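The block underneath contains the structure these notes are about, expressed in structure tokens.
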Amino acid sequence: MDKPLFKLKVYEGPLDLLLDMIRSSKLDIFDIDIFEISEQYFLYIKTMGEMNMDLTADFLVMASQLLLIKSRMLLPKAEPDDDDDPRRDLTWALIEYEKCKQNAQTLASLREAAGETFPRPPEPLEFPKKYRETMKISALTGAYLRLMERNARRAMPRPDSFADFLKREIYSVSDKICEIKSRLKKAVRLDFAALFLGVRTRSEIVATFLAVLELVSDKKIRISDAGDMNYEIEAAERRF
């Protein structure tokens with residue numbers, strides 16, 4: 001009659017086998033019962049041989065180390081010394097192996113979790129069309145400085161004109177944008193300087209100029225050179 005076949009657990013090495021034996025037997029890793037562990041280890045090696053399983057050199061080397069530790073522990077000692085414990089090197093090797101095994105399990109779980117994520121592929125971006133007209137920054141800066149210089153040459157206001165300064169209407173850029181749009185709906189083109197006619201305060205000048213820049217940036221209007229240091233603005237679209 002054929003012998004029954006038993007399926008043995010596959011271990012990665014002798015340390016893996018010893019660690020499993022210690023944990024299964026609920027032994028203290030810092031106080032290993034070397035006699036019990038040796039018997040279990042040799043029984044496993046014998047079973048592997050009976051099942052014609054390949055014994056690697058690592059398992060045989062560990063078997064010889066266990067025999068050496070067992071024989072050293074049988075020798076009488078004058079005084080007990082923890083530093084001379086023959087199990088010490090084996091204990092620390094098992095502790096370091098257990099740490100590596102735990103870290104490997106953590107990395108494996110992270111890898112498995114990462115495999116369940118599906119990143120969204122990048123979508124093609126539609127770049128805005130380039131502004132056809134070219135305008136130098138120095139030209140707009142020059143137009144702004146000329147307006148400021150013209151405003152500075154006006155007569156100084158009377159001292160009593162500041163009495164109701166805080167009560168004056170504050171001009172916002174959004175209001176000026178709406179005003180420019182409204183004027184462009186009535187006229188095809190507007191002279192750049194005409195936008196500042198009737199403007200008396202510095203805050204209104206700044207708000208109007210920023211409104212022009214905002215409309216140019218949003219491609220709502222175009223600025224063209226009319227010659228003689230004059231500029232015209234027109235709507236970039238038929239409807240705003």
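Values in this text are rule-based calculations from the coordinates and carry no lab data. Everything numeric in this text was worked out from a predicted model, so none of it was measured. Ideal geometry is used to build each Cβ from the backbone, glycine not excepted, and the neighbour counts take in all protein chains shown.
Scan around ILE221 for amide H atoms under 5 Å from its own, H built in the peptide plane at 1.01 Å from N, and keep only partners 5 or more places away or cross-chain.
VAL216, ALA236
So if R0 is 25 Å, what FRET efficiency would ASP175 and ASP225 give, r being the distance between their Cβ atoms, rounded to the nearest 0.05?
Rounded to the nearest 0.05, the efficiency is 0.35.
Work out, step by step, the length gained on full extension between ILE137 and TYR11: first 0.36 nm times the residue separation, then minus their alpha carbon distance; give nm to one decimal.
Value of the extension gain: 37.9 nm.
Full-extension gain between THR117 and PHE42, please, as 0.36 nm times their residue separation minus the C-alpha to C-alpha distance.
22.4 nm
Per residue of region 140-146, in order, report the coupling 6.51 cos²θ - 1.76 cosθ + 1.60 (Karplus, θ = phi - 60°) as ³J(HN,Hα) in whole Hz, putting x for Gly and Pro.
In residue order, the calculated couplings are 5, 5, x, 5, 5, 5, 5 Hz.
Provide the packing ranking of 41-49, 106-114, i.e. peptides ordered by the mean count of other C-beta atoms within 10 Å per residue, highest first.
The packing order, highest mean first, is 41-49, 106-114.
Work out Dmax and Rg for region 175-228 from the C-alpha atoms and quote the Rg first, both in angstrom.
Values for region 175-228 (Cα only, Rg and Dmax): 11.0, 30 Å.
Using the basic label-point model (7 angstrom from Cα toward the beta carbon), what is the THR91 to PHE35 distance in nanometres?
1.9 nm
Just to check I understand the Karplus step: with θ = phi - 60° and J = 6.51 cos²θ - 1.76 cosθ + 1.60, what whole-Hz values come out for region 34-41, glycine and proline as x?
After applying 6.51 cos²θ - 1.76 cosθ + 1.60, I find 5, 6, 5, 5, 5, 4, 5, 5 Hz.
From the phi angles alone, apply the Karplus equation (6.51, -1.76, 1.60; θ = phi - 60°) to region 65-73 and give each ³J(HN,Hα) in whole Hz, x where the residue is Gly or Pro.
Whole-Hz 3J(HN,Hα) from phi for region 65-73: 5, 5, 5, 5, 5, 5, 5, 5, 6.
On a full-extension model of 0.36 nm per residue, what is the gain between LYS185 and LEU74, subtracting their alpha-carbon distance, rounded to one decimal in nm?
Gain on stretching LYS185 to LEU74: 29.2 nm.
Simple spin-label model, 7 Å along Cα-to-Cβ: ASP84 to ASP58 in nm?
3.3 nm
Report the calculated FRET efficiency for ASP218 and ARG150 (r = Cβ-Cβ distance, R0 = 25 Å), to the nearest 0.05.
The pair ASP218/ARG150 has a calculated efficiency of 0.35.
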